[in-house]
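Peer 1: One structure, pasted below without further comment.
The values are calculated or read from the model by the stated rules, or taken from the named source; none is laboratory data. As the structure is a computational prediction, the values presented were derived from the model and not from experiment. Don't worry about glycine lacking a Cβ; one is built from the backbone with ideal geometry, like all the others, and counts go over all protein chains shown. Surface accessibility is based on the protein's heavy atoms, side chains included, excluding ligands, DNA and RNA. Shrake-Rupley method; radii C 1.70, N 1.55, O 1.52, S 1.80 Å.
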Amino acid sequence: MLILTSPEEMFRWRKNLGDEGISVGFVPTMGFLHEGHASLIRKSTQENTHTVVSIFVNPTQFTNSEDFEKYPQDKDGDSSLLRALNVDVLYSPSPSAVYPEGFNTSISAGHIATKLEGKSRPGHFDGVATVVVKLLNTVNPNNAYFGKKDRQQLAVIQQVVRDLNLSINIVGQDTVRDHDGVALSSRNSRLTEMERQAAVVLPQALRAMISAFHAGETSFAQLIALGLQICATLTTWRSSTQSLWKRLSFQ
Ligand code: PAF
């Protein structure tokens, strides 16, 4: 596996590879890789001749400095997993390689980025959109793979790619879940045992909302009310659930 750390190295590798009979798949990540990332990477290696994975903890998408500083990292574990998955290139630039002095441009994804999660994390999706476009321009892939766990992020990226006429196919991949239904996420490593137990209410609430939808309930407000009611009725976990919500709200 080749390890590249600057946009210039990445441009050179991509240019030398050419396009004849070549298809490049790209999986952008912030590291501390888990089975969810592995499923994106496997899809990419199945569908492309070459796969590039980036690991870059992007400072501009964090709206809380403690969250940025404590973001989990495991360079050795990540490298071993990427080698085992036959990744061709690990692109792992430094913050100054991505944002050199004088950098002053940002992409705003418009109203899609300001509702739901964007409401509690103003500027988060602009940071995501900006870094993803920079990474896509640097790697120049045919296909780029994103998890549906971050559904709003996927929608923002699809919107930006469409609006800016980027000729890249964006592929959304199903969420990978733990044995108890909680979605795999790098940040789960920062939950206490109580918070991890409390997190089980989230897939339970989602499952109930999906069942209600299939049974004919189409009112968004009613479905949200049902989900919140299920979270609230699991009273024994209420206090840790509240602290979980607090932590999730500044991801
Ligand atoms: O989903 C993530 O890990 C990040 O938001 C991404 C897409 C790599 C951009 O930094």
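Peer 1: Out of curiosity, is Asp88 out of contact with any helix residue (DSSP H, G or I) (no Cβ under 7 Å at 6 or more places or on another chain), open to solvent by 60 Å² or more (accessible area, probe 1.4 Å) and within 21 Å of Thr51 (Cα to Cα)? Full working, then the answer.
Peer 2: Details: out of contact with any helix residue (DSSP H, G or I) (no Cβ under 7 Å at 6 or more places or on another chain): yes; open to solvent by 60 Å² or more (accessible area, probe 1.4 Å): no; within 21 Å of Thr51 (Cα to Cα): yes.
No: the conditions fail for Asp88.
Peer 1: Would you check if there is a residue in the stretch 63-70 being crowded, with 16+ Cβ neighbours inside 10 Å and not β-branched (Val, Ile, Thr)?
Peer 2: There is no residue in the stretch 63-70 that is crowded, with 16+ Cβ neighbours inside 10 Å and not β-branched (Val, Ile, Thr).
Peer 1: Scan the stretch 80-97 and give yes if some residue there is more than 15 Å from the ligand (Cβ to nearest atom) and either under 17 Å from the mean Cα position of the chain (by Cα) or among the acidic types (Asp, Glu) (or both), otherwise no.
Peer 2: So far as the stretch 80-97 goes, yes, one or more of its residues are more than 15 Å from the ligand (Cβ to nearest atom) and either under 17 Å from the mean Cα position of the chain (by Cα) or among the acidic types (Asp, Glu) (or both).
Peer 1: I'm trying to understand the selection: among the residues of the stretch 37-57, which are near the ligand (Cβ under 10 Å from one of its atoms) and over 25 Å from Lys15 (Cα atoms)?
Peer 2: Hits for the stretch 37-57 are His37, Val57.
Peer 1: While we're on this one: Take the stretch 162-189 and flag every residue that is more than 15 Å from Arg151 (Cα to Cα), open to solvent by 70 Å² or more (accessible area, probe 1.4 Å) and in a loop (DSSP other than H, G, I, E, B).
Peer 2: Leu164, Asn165, Ser167, His179
Peer 1: Quickly run through the stretch 8-28 and pick out the residues that are within 24 Å of the chain's Cα centre (by Cα), surrounded by fewer than 20 Cβ atoms within 10 Å (Cβ to Cβ) and either within 16 Å of the ligand (Cβ to nearest atom) or within 24 Å of Val128 (Cβ to Cβ) (or both). Before the answer, list the steps.
Peer 2: So the first thing to find is which residues in the stretch 8-28 are within 24 Å of the chain's Cα centre (by Cα), and the list is 10-11, 14, 23-28.
Narrowing the set further to residues that are surrounded by fewer than 20 Cβ atoms within 10 Å (Cβ to Cβ) leaves 11, 23.
Across the stretch 8-28, the qualifying residue is only Phe11.
Peer 1: To continue, here is another question. Pick from the stretch 98-117 the residues that are within 13 Å of the ligand (Cβ to nearest atom) and part of a helix (DSSP H, G or I): which of them is surrounded by the fewest Cβ atoms within 10 Å (Cβ to Cβ)?
Peer 2: Taking the candidates together, the pick is Glu117.
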